[in-house]
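The values are calculated or read from the model by the stated rules, or taken from the named source; none is laboratory data. Keep in mind the model is a prediction, meaning the values are calculated, not measured. Heads up, the Cβs are rebuilt from the backbone with ideal geometry, glycines too, and the neighbour counts pull from every protein chain shown.
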Amino acid sequence: MKREFIKIKDMRRENSWINLKARVFQLWNSESESISQIGLLGDETGTIKFITWKKSNHPLLEEDKCYEFKNLVTGSWQGKLQVNLNKNTIITPIDENIEVSFLTKLHGKIIRIYHGSGLIRRCPFCKRALINEVCPEHGNVEGIYDLRVKALLKDNDIQDILLNRDVTEHLIGIDLEKAKELGQKSVLHKIEKSLLNKFFNVEGRRVGRYILVENICDRDE
Ligand SMILES: [Zn+2]
């Protein structure tokens with residue numbers, strides 16, 4: 001079977017065989033006996049962790065060099081996707097200049113605004129969002145107001161996205177002070193009106209299961 005080359009941003013599932021062109025962005029030290037190399041590969045759509053297993057007998061990759069990888073396998077470690085170079089992987093150095101981007105790019109429709117969006121209060125000590133006025137670690141505290149959106153974006157797949165205060169203020173056109181005046185109910189209404197069932201181009205960094213949004217703009221359908 002002939003496999004297409006894919007971009008890092010399009011990798012979503014573990015246990016798939018893929019082909020990739022990427023730059024060796026960083027090499028890390030490994031303590032493990034079974035690993036010969038570990039680090040980050042990058043392309044113009046993002047970065048992903050890679051592992052070369054010692055038993056695969058591959059020559060060492062050089063930092064900052066670009067390679068074509070055929071027959072990589074995706075896997076995951078602690079919920080984060082990675083790629084594994086095993087004995088079936090074919091590695092070819094290439095003479096291409098691949099620019100590495102830290103940002104993940106998505107385009108799609110926001111199909112859901114999660115509970116916990118809008119005006120929230122955070123613990124002054126650990127910054128966690130309070131649940132029923134209580135911090136899970138520090139108990140009853142005087143919360144600090146913040147504004148955020150947690151939403152579900154649908155492109156080819158679905159992805160949870162997180163909008164911080166700056167991005168949220170910009171999108172709904174009111175700042176935190178104004179939001180406090182209006183109250184959570186109207187803030188949430190504004191968020192839904194501005195975001196729900198609309199199309200956006202989104203750029204952000206992957207943090208756990210979320211894309212932490214840095215840039216978001218309307219997109220014509
Ligand atoms: Zn706390």
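Below are the figures for this structure:
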quantity	calculated
Selection within the stretch 103-121 - modelled with pLDDT under 95 and either within 30 Å of P136 (Cβ to Cβ) or among the polar types (S, T, N, Q) (or both)	T104, H115, G116
Test result for T45, β-branched (V, I, T), touching a strand residue (DSSP E or B) at 6+ places or on another chain (Cβ under 8 Å) and at pLDDT below 95	yes
Qualifying residue in the stretch 57-67 (condition: modelled with pLDDT of 95 or more, in a strand (DSSP E or B) and within 16 Å of the ligand (Cβ to nearest atom))	no
Selected residue [within 16 Å of the ligand (Cβ to nearest atom) and touching a Cys at 6+ places or on another chain (Cβ under 8 Å)] from R128, R122	R128
Sole exception among (1) in contact with a strand residue (DSSP E or B) (Cβ under 7 Å, 6 or more places away or on another chain); (2) surrounded by fewer than 14 Cβ atoms within 10 Å (Cβ to Cβ) for K105, by number	(2)
Out of I18, I51, I8, sole residue that is under 13 Å from N84 (Cα atoms), in contact with a Ser or Thr (Cβ under 8 Å, 6 or more places away or on another chain), β-branched (V, I, T) and crowded, with 16+ Cβ neighbours inside 10 Å	I18
All positions within the stretch 29-56 that are under 18 Å from M11 (Cα atoms), outside any strand (DSSP E or B) and of a type in the set (D, E, K, R)	E44
Boolean, E214 is acidic (D, E) and under 12 Å from A151 (Cβ atoms)	no
Residues within the stretch 118-162 that are within 20 Å of the chain's Cα centre (by Cα), surrounded by fewer than 16 Cβ atoms within 10 Å (Cβ to Cβ) and among the small types (G, A, S), tallied	0
E63 vs. criteria free of Cβ contacts under 8 Å to residues at least 24 places away in the same chain and farther than 21 Å from E214 by Cβ	no
Residues being under 21 Å from H170 (Cβ atoms) and either more than 11 Å from the ligand (Cβ to nearest atom) or among the basic types (K, R) (or both) - total across the stretch 131-146	2
Any hit, the stretch 95-102, residues being surrounded by 16 or more Cβ atoms within 10 Å (Cβ to Cβ), among the aliphatic types (A, V, I, L, M) and over 16 Å from Q26 (Cα atoms)	no
Tally, over the stretch 21-40, of residues that are surrounded by 17 or more Cβ atoms within 10 Å (Cβ to Cβ) and either touching a Gly at 6+ places or on another chain (Cβ under 9 Å) or closer than 14 Å to K70 by Cα (or both)	5
